[in-house]
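Have a look at the structure below before the remarks.
Any read-out appearing in this document is the output of simple, stated calculations on the displayed coordinates, not a laboratory observation. Worth saying up front: this structure is predicted, and the values here are computed from it rather than measured. Here the Cβ positions follow ideal geometry from the backbone for every residue, glycine too, while neighbour counts run over all protein chains shown.
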Amino acid sequence: MVPAPVGVQCVECVRQHRPPSPPGQSLRRVTSGPFVTYSIIGINVAVWLLGLLAGPSALLSGSPLAVPFGLFGPAVAAGEWWRLFTSGFLHSGLLHVGMNMFVLYVLGPGLERVLGKLGFVALYVAGLAAAALGALVLSPDALTVGASGAIFGLMGATIVGQRASGINPWRSGILVWVGFNLVFTVAVPGISIGGHLGGLCGGLIAGLILFRRWLRPLVAELACFGLAGVFVVAALWVAGHPLLGQPHFLPR
């Protein structure tokens, strides 16, 4: 039953007397929200489910897709540059993908609302590329997967955005949250320290470009994409991609 000015009405009665929505209104309602954030979450979950279909081990451990698409220095050196990006959509188990998507759900909508869809995409790509660079610098011969590097980029941009808005990051709790996650990164074995630090630094730099309004929004967004390109080129150079010379990483 649906409350009415006098009494209640059945759902069908209300639906029959409701005027039709103008063409395109439903689509605008969907895309006006945090569409990019939810799309990224959907892609990550879909890729994890695809890995689960490929091998049941993906439920609690590594995805079978990690070997062909995860970040691995020697593979990037062999020419497989796409691993810089595909690795950010792979996860090692339900807990891994669940935690990352929860943080993305918390941070993403607010940033997307302030920066706009294109600005948020630019920020996420920059954080993802910076995380790949950091992982290749510190652990080039480790197989690395996960969206946490890009999410650390969102954390870094949140710090810059709060300061630009006159909000004390200490009082908001974001610095405490970042500090806790950094301690967790160092203390727990098997976590990509380089990926998290790289993503955080990339997010801080991208945040300075996007939130410090000395540039027009479109120029700032394009500059952020350019920053992501710089991170990609640097990552390829560190790994020793064929286009950029011999491998520069030191196998451990």
task = Report the extension gain between Leu94 and Leu118 in nm, rounded to one decimal, defined as 0.36 nm multiplied by the number of residues separating them, less their alpha carbon distance.
result = 5.7 nm
ask   = For the modelled label position 7 Å from the Cα of Arg213 along Cα-to-Cβ, which residues of segment 136-173 have backbone nitrogen atoms closer than 11 Å?
value = 165
ask   = Can you put Phe72, Phe35 in order, fewest other beta carbons within 10 Å first?
value = Phe35, Phe72
ask   = Taking other Cβ within 10 Å of each residue's Cβ, how do Glu112, Glu80 sort, fewest first?
value = Glu80, Glu112
Ascending count of other beta-carbon atoms within 10 Å, so fewest first, for Tyr38, Tyr124 = Tyr38, Tyr124
request  = Starting from the Kirkwood radius over alpha-carbon pairs of segment 38-243, derive D by Stokes-Einstein at 37 °C in a medium of 0.692 mPa s and give it in µm² s⁻¹.
outcome  = 194 µm²/s
note = Packing-ranked peptide list from 97-110, 192-205, highest mean Cβ count within 10 angstrom first, is 192-205, 97-110
query = Distance from the Cα centre of segment 63-93 to that of segment 160-184, in angstrom?
reply = 30 Å
note = Listed by chain and number, the residues whose amide H is under 5 Å from that of Ser92, excluding neighbours fewer than 5 places away on the same chain and using placed H, are Val97
